[in-house]
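Values quoted throughout were computed directly from the atomic coordinates according to the rules given, and no laboratory measurement underlies them. Quantities reported herein were computed from a predicted structural model and do not represent experimental measurements. In this analysis, Cβ positions are derived from the backbone assuming ideal geometry, glycine residues included, and neighbour counts consider all displayed protein chains.
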Amino acid sequence: MLSIFAQNFRFLREEKGISQTEMGDELGFSRASVDAYEDDRAMPPYPKLKTIADYFNLAIEEITEEELWNSPLEKEIQRVQKENEDIEEKIGEELRLHLKSLNIEIEDEGDVNQEIRSEFRIPIIEKKFFDKYIKNSWPSISDSFKKIVFQMPEKKQYRAFEAGEDFPMNNSVLIGTQLKNLETIKDSERYLIVSERLGLLYRRVFNQIKSKGVLILSGEVAGIELSEIHSSEIKEIWKIEAFYSITLPEPNQNHTQALKLAQALTAELKRLNTKS
């Protein structure tokens, strides 16, 4: 039977949703060491045991003596997680039915119709996976996402995102292409910005990268204030090429304020350059 520590270590790592390799990187251990500790083939020396306990904000006694996977608190957490999973499953089914109403098919993992050309399969990032998408690199998680089957007018590398509450129409799907160069962003066009701090943002964008190193963001939903984001905070940016929804749009916000601000910043930059 595995030791309490071995079971706790595996349990805590899986609770964080990271691999043995990622756990090793976090702690400064090799993947082989993590695997050995979890399989109870080795016990970490005291300094490494202290590192593990500190990483999880636990005392050494807790991680070596208490059955953390079986605690009353953990059982309550699991109960809440189960409820959330049931809700997510219901939302996922609602998304599937919504897409079907738009003549968009969605494939489960491994459900591949060979008659459908690969360029018609577009990976879709559902809301419940936004955190996972933001925190991990795409190659490491790409196989875990479903794909929608839809023919776009051009042959490009598309990615679909379930729209959040900052998109004007509920139950919508956004399809975009990734931009590698922020300086190519065009004023007043719609983009999806991926930021570790701010999450996924759907905004009209005004480009001030050259002058200030920022993008001015204007929301299309009432209550979203005009804001800026520095280029260093942008992990990815996607130009929205299409969206699909059965919800009719609300009247758009007036973007005059954002346009005036962008124009004023450009004029000020020209004035400063002229003086110099």
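Quick notes on this one:
- Sequence-distant residues sharing a close amide H with GLU236 (under 5 Å, placed H): VAL194
- Residue-wise HN-Hα coupling along segment 157-173, computed from phi with Karplus coefficients 6.51, -1.76, 1.60 (Hz; x: Gly, Pro): 8, 9, 9, 10, 9, 5, 5, x, 6, 8, 9, x, 10, 5, 6, 10, 10
- In this structure, the amide hydrogen of LYS147, modeled 1.01 Å from its nitrogen in the peptide plane, lies closer than 5 angstrom to those of GLU107, ILE124, counting only residues at least 5 positions away or on a different chain.
- 3J(HN,Hα) from dihedral phi, segment 208-216, Karplus parametrisation 6.51/-1.76/1.60, rounded to Hz, x for glycine, proline: 10, 5, 5, 7, 10, x, 10, 10, 8
- Of LYS16/LYS235; LYS146/LYS239; LYS212/LYS270, those spanning more than 18 Å from alpha-carbon to alpha-carbon: LYS16/LYS235; LYS146/LYS239
- Summing +1 for each Lys or Arg and -1 for each Asp or Glu among the other residues whose beta-carbon sits under 12 angstrom from that of LYS180 gives -1.
- Size of electric dipole in segment 4-70: Cβ of Lys, Arg +1 and of Asp, Glu -1, about Cα centre, debye, nearest 20: 260
- Average Cα contact separation per residue, segment 154-235, under 8 Å, 6 or more apart, as relative contact order %: 23
- By other beta-carbon atoms within 10 Å, ranking LEU200, LEU97, LEU58 with the fewest at the front produces LEU97, LEU58, LEU200.
- Whole-Hz Karplus values for segment 218-235 come out as 10, x, 10, 10, 4, x, 8, 7, 4, 8, 10, 9, 6, 4, 5, 8, 8, 7 Hz, taken residue by residue from phi with 6.51 cos²θ - 1.76 cosθ + 1.60 and θ = phi - 60°; glycine and proline positions read x.
- For segment 132-207: rounded, prolate or oblate by the Cα gyration tensor [a/c cutoff 1.5]: rounded
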